[in-house]
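Contents: one structure, followed by commentary.
The values are calculated or read from the model by the stated rules, or taken from the named source; none is laboratory data. Just so we're clear, the structure is a prediction, and the values are computed from it rather than from any experiment. Methodologically, a virtual Cβ is constructed for each residue, glycine included, from the backbone with ideal geometry; neighbour enumeration extends over all protein chains shown.
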Amino acid sequence: MTAMHDRLTSFAHGGGCACKIPPGELEDAVRGLVGQPGPDVLVGLDDGDDASAVRVRDDLAVLSTADFFTPVIDDAFDWGRIAAANALSDIYAMGGTPVTAINLVGWPREKLPMELLTEVLRGGLDVAAQANCPVAGGHSIDDPEPKYGMAVTGVAHPDELMRNDAAESGLPLTLTKPIGVGILNNRHKVTGDDFPEAIATMTSLNAEAARAAVAAGVRAATDVTGFGLLGHLFKMVRASGVGAVIDAAAVPRLGGVDESIAAGYVSGGTRRNLDWVRPHLTADDSVSEDDLLLLADAQTSGGLLVVGELPGHPVIGEIVVGSGVHVR
């Protein structure tokens, strides 16, 4: 597939997590839904956490999540790897260990060959194998737009869960992956330019960072995906009843991102993320609009945002008394 109109990303209206329903619209749609609350539902719908958690024993909670999206890059195998890593990340963000997954597939079978779907699924299997997480089935539909992801089940100790409503003031904020993949993926979709560093970060599992965070006693974390760093941080501080300060210069970014923003390769999803957070956002005069767009960039398979310090990863800010997010 070399011609622009035959590229895999040309079949998608938006790539990766940038195709998510905007956060404000999604919250309006689910407002008032409470699921089936009970004493053993440790994490449910209330704060839009990364996965649900249900206690089945005093020492065991079962985690459940699902994530899928349209093609983020043109290489089918790598798209499968990225989608699998992204789905598994929700389990890691809760401090859990994935134990099984099933595939979720939408495929335009009259437009794209089934051999290409095989490559997508092979990529998903490759990353799931790295996570020691067996893929034990799945579900597929004939869909005019290709989609792929996984539903993942994991386990954790109920006392070691990392949640997005447990952030405490006075603690540092650590980010475990650089940001900017949404901007680079949008540039790839428009131009066909390849960004190996972005692929490498999107296909990297958050397993090691999650284990380190649990071992360090971290109780609050989330992963940075479609709502961007600012969006996921805002959800965390809102749920926890605190505020946060971000040092924009300390946030790691991928190579080529600044030039891509200047050239206009910013997705609509990223702009919607910033619009959603802006009423709860303040910034120093030294912080530019481009800085804020990068911080709101819709990530795919991003890193963990951890309330605490993890050796080897940059501290990008802190949790403070107050509300909202301030960027300096």
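Below, the figures for the structure above:
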read-out: Boolean, ASN186 is under 16 Å from LEU310 (Cα atoms) and in contact with a helix residue (DSSP H, G or I) (Cβ under 9 Å, 6 or more places away or on another chain); value: no
read-out: Filtered residues of the range 303-328 (kept if surrounded by 19 or more Cβ atoms within 10 Å (Cβ to Cβ), touching a strand residue (DSSP E or B) at 6+ places or on another chain (Cβ under 6 Å) and in a loop (DSSP other than H, G, I, E, B)); value: GLY303, LEU310
read-out: Residues of the range 288-302 classified as part of a loop (DSSP other than H, G, I, E, B), crowded, with 18+ Cβ neighbours inside 10 Å and of a type outside the set (Val, Ile, Thr), total; value: 6
read-out: The listed residue being surrounded by fewer than 22 Cβ atoms within 10 Å (Cβ to Cβ), among the small types (Gly, Ala, Ser) and in a helix (DSSP H, G or I), out of ALA213, ALA200; value: ALA200
read-out: Qualifying residues in the range 271-328 (those that are under 17 Å from the mean Cα position of the chain (by Cα) and of a type in the set (Lys, Arg)) - the one nearest to ALA66 (Cα to Cα); value: ARG272
read-out: Every pair of residues 6+ apart whose Cβ atoms lie under 6 Å, when the first sits in the range 72-100 and is buried (at least 24 other Cβ atoms within 10 Å of the Cβ) while the second is modelled with pLDDT under 95 and of a type in the set (D, E, K, R); value: ASP90/ASP50; ALA93/ASP50; MET94/ASP50
read-out: Scope the range 249-276; condition small (Gly, Ala, Ser) and surrounded by fewer than 20 Cβ atoms within 10 Å (Cβ to Cβ); matching residues; value: ALA249, ALA250, GLY255, GLY256, ALA262, ALA263, GLY264, GLY268
read-out: The listed residue being of a type in the set (Val, Ile, Thr), over 30 Å from ARG7 (Cβ atoms) and assigned by TED's automatic domain parsing to the domain that holds LEU293, out of VAL251, VAL224, VAL181; value: VAL251
read-out: Residue under evaluation SER260, criteria (1) under 20 Å from the mean Cα position of the chain (by Cα); (2) closer than 25 Å to ALA83 by Cβ; (3) among the small types (Gly, Ala, Ser), criterion not met; value: (1)
read-out: Yes/no for THR191 being polar (S, T, N, Q), in the same structural domain as PRO252 (by TED's automatic domain parsing) and modelled with pLDDT of 95 or more; value: no
read-out: Positions within the range 10-63 being crowded, with 17+ Cβ neighbours inside 10 Å, modelled with pLDDT under 75 and either among the basic types (Lys, Arg) or touching a Cys at 6+ places or on another chain (Cβ under 8 Å) (or both), in sequence order; value: LYS20
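Table: residues versus (1) in contact with a Gly (Cβ under 8 Å, 6 or more places away or on another chain); (2) closer than 17 Å to THR9 by Cβ.
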position	(1), (2)
ALA216	yes, no
PHE234	yes, no
GLY269	yes, yes
PRO279	no, no
